[in-house]
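To start, the structure itself, in structure tokens.
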């Protein structure tokens with residue numbers, strides 16, 4: 001059982017990514033979630049269930065795909081759905097838990113696949129689906145990576161009320177040096193994976209029109 005102060009550090013840089021307190025295995029009080037060089041990203045009060053977005057990258061997103069009258073449409077929102085975690089945590093989870101199929105590596109193939117899921121008005125992830133599929137194993141591996149996302153979400157807010165919203169996952173797999181043929185998709189996490197032959201190259205992780213966009217890790 002976890003009790004007391006908690007710190008999560010970046011393995012390479014030793015930056016502080018997460019700091020907070022556990023009581024009887026539950027997060028309590030205010031937790032701080034950071035980005036690179038321990039730069040503040042958000043704080044979240046687990047007792048009051050209150051999120052404080054610190055970075056302008058979060059607050060500048062004003063349009064999102066939400067469910068309105070039973071249909072998903074793009075609307076101006078008070079705030080987008082947001083994962084309660086350190087900057088780039090969702091993208092890191094997806095990239096680190098996705099396996100490029102061996103046949104793609106051996107044969108020098110490319111794959112562009114798109115999935116989506118809903119963050120409902122209660123902050124729960126639901127309705128995972130494959131929107132575009134080229135390779136069944138890639139699709140299965142996207143689902144496996146998606147299942148590793150275990151944290152909490154704040155729902156999108158529209159006219160003062162929480163609503164269902166849709167987020168897209170874009171996986172662009174290609175040999176090193178191959179230009180991307182994938183169009184940009186709003187409200188998405190874009191994961192670009194390049195490789196040299198059968199050797200996987202460093203990952204490049206991007207998001208488009210989503211909190212923490214234009215972020216890359218090598």
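Overview of results
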item	result
Residue order, fewest to most beta carbons within 10 Å, for 22, 189, 196	196, 22, 189
Paired Rg and Dmax values of the chain, which use every Cα atom, in angstrom	17.9, 53
Two-decimal Rg to Rh for the range 93-140 - Kirkwood Rh, Cα set	1.08
Cα-based shape type of the range 1-104, given that a ≥ b ≥ c are square roots of the gyration tensor eigenvalues and the cut on a/c is 1.5	oblate
Least to most buried among 43, 28 (fewest other Cβ within 10 Å first)	28, 43
Relative frequency of Cα-Cα separations exceeding 17 Å in the range 93-176, percent	51 percent
D_trans [Stokes-Einstein, Kirkwood Rh over alpha-carbon pairs] for the range 1-54, 37 °C, 0.692 mPa s, µm² s⁻¹	286 µm²/s
Nearest-ten-degree value, helix 136-146 long axis tilted from longest Cα axis of the chain	20 degrees
Relative exposure of 63, 188, judged by other C-beta atoms within 10 Å (fewest first)	63, 188
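Each value in this text was obtained by applying a stated rule to the coordinates, not by laboratory testing. Computed from a predicted model, the values in this text were never measured in an experiment. Reconstructed Cβ throughout: ideal geometry from the backbone, glycine too, with neighbour counts over all protein chains shown.
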